[in-house]
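Bear in mind that the values in this text are calculations on the coordinates, not laboratory data. Note that the structure is predicted; figures quoted are calculated from it, not measured. Cβ sites come from the backbone with ideal geometry, for glycine too, and all protein chains shown count toward neighbours.
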Amino acid sequence: MTDAVDAAAPVPLYLISPSSAVPADAPLQRSLAALRAAGFSPVLDRGALRTHQRFAGTDAQRAAAFGRAAAQSARAVMITRGGYGLTRLLPLLDFAALARADKQWIGYSDFTAFQLAMLARAGAVTWTGPALLDDFAVPEGTEPDETTVGALHDALAGRAELLGFRAAGASGVDVRGTLWGGNLSLVCALLGTPWFPQVRGGILFLEEVSEHPYRVERMLGQLLQAGVLDAQAAVLIGHVNRYTLVPRDAGFDMPAVLRRLRGLTRTPILTGLPVGHASPKLTLPHGATVGLATEGRQAWLVMPGH
């Protein structure tokens, strides 16, 4: 963490649990302490630790947390964790009102459903970024990933200008468009619904976890056959991890999936974007217009206004 971040006043951060319940044995206090040490001042929503079946409260209770988050004073709102449950809330949320609240909504994984809906229904920018228990539950005596923390601070302060990362794929890409996407399963789940953004000429980013490459290929094939991939200026693949290959795969793995996909679409497919279920994790403006350029193995995302 930089001295500048250490010296700055803590950034107020409101925490909600819109999906799965926070487990009773989750390292909650250690995560909150790490968040404070990283330069944030977290406040837990009063319903953040509720449980109902596998969820952090009933659908109505979890939807109400969005209203409380919109009404409280902190501008930044982060999820405690992902899991499952946000798609159940989409018919209950007033996206225009949540957009008018002018909050920096931060999360990923299951939170993709909310981010896509905010873009589709209100044209609003949200932030794909870390979650409390995924990124700040670090072992005693250690600190959260420095890049993840720095990227979050820079994004919320409006300091992010140019984000560089090592990429594989086409060199010489130079495009500009709406940055959108998130977890691949959620992107596919909303396809054909009122909460799916109709983005053309965009920069679609995708990540996935605990899904075998054949399932990832099947979902990418769905987006291809629906015309979504061909309609984009570029596709960025983030972390696709925590799956197990078996002997009968016989060389069928994620690189094989991507080689085939590149042969089926004219859209450049780039890998290496630091988003998803691993560290480091960038904080990206979902729904904003950004630039993308590549030269050799280096890629840059040019943030809005730059």
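Once backbone amide H atoms are built at 1.01 Å from N, Val240 has Glu208 as its partners under 5 Å, excluding neighbours fewer than 5 places away on the same chain.
Annotation: amide H of Val77 within the under-5 Å range of Tyr14, Gln104, Trp105, Ile106, sequence separation 5 or more or interchain, hydrogens built in the peptide plane.
What FRET efficiency do you get for Tyr84 and Ser279 if R0 is 30 Å and r is their Cβ-Cβ distance, rounded to the nearest 0.05?
On the way: r = 22 Å, r/R0 = 0.75.
That pair, Tyr84 with Ser279, gives E of 0.85.
FRET efficiency for the pair Ser210 and Ala9, taken as 1/(1 + (r/R0)^6) with r the Cβ-Cβ distance and R0 = 30 Å, rounds to 0.20.
Based only on other Cβ atoms within 10 Å, what is the fewest-to-most ordering of Val228, Val11, Val43, Val175? Intermediate results must be reported in sequence, preceding the final value.
Values: Val228 24, Val11 20, Val43 14, Val175 17.
Ordered by Cβ neighbours within 10 Å, fewest first: Val43, Val175, Val11, Val228.
Report the residue, chosen from Arg62, Arg166, Arg248, that carries the largest GNM mean-square fluctuation when the chain is represented by alpha-carbon nodes joined by springs under 10 Å. Highest fluctuation of the listed residues: Arg248.
Normalised by the number of residues in segment 162-302, the average gap of Cα pairs under 8 Å and 6 or more apart makes the relative contact order 41 percent.
Beyond 29 Å, what share of the Cα-Cα pairs of segment 3-157 remains, rounded to the nearest whole percent? Mind dumping the intermediate values first?
Numbers: 1523 of 11935 pairs.
Considering segment 3-157, 13 percent of its Cα-Cα pairs are separated by more than 29 Å.
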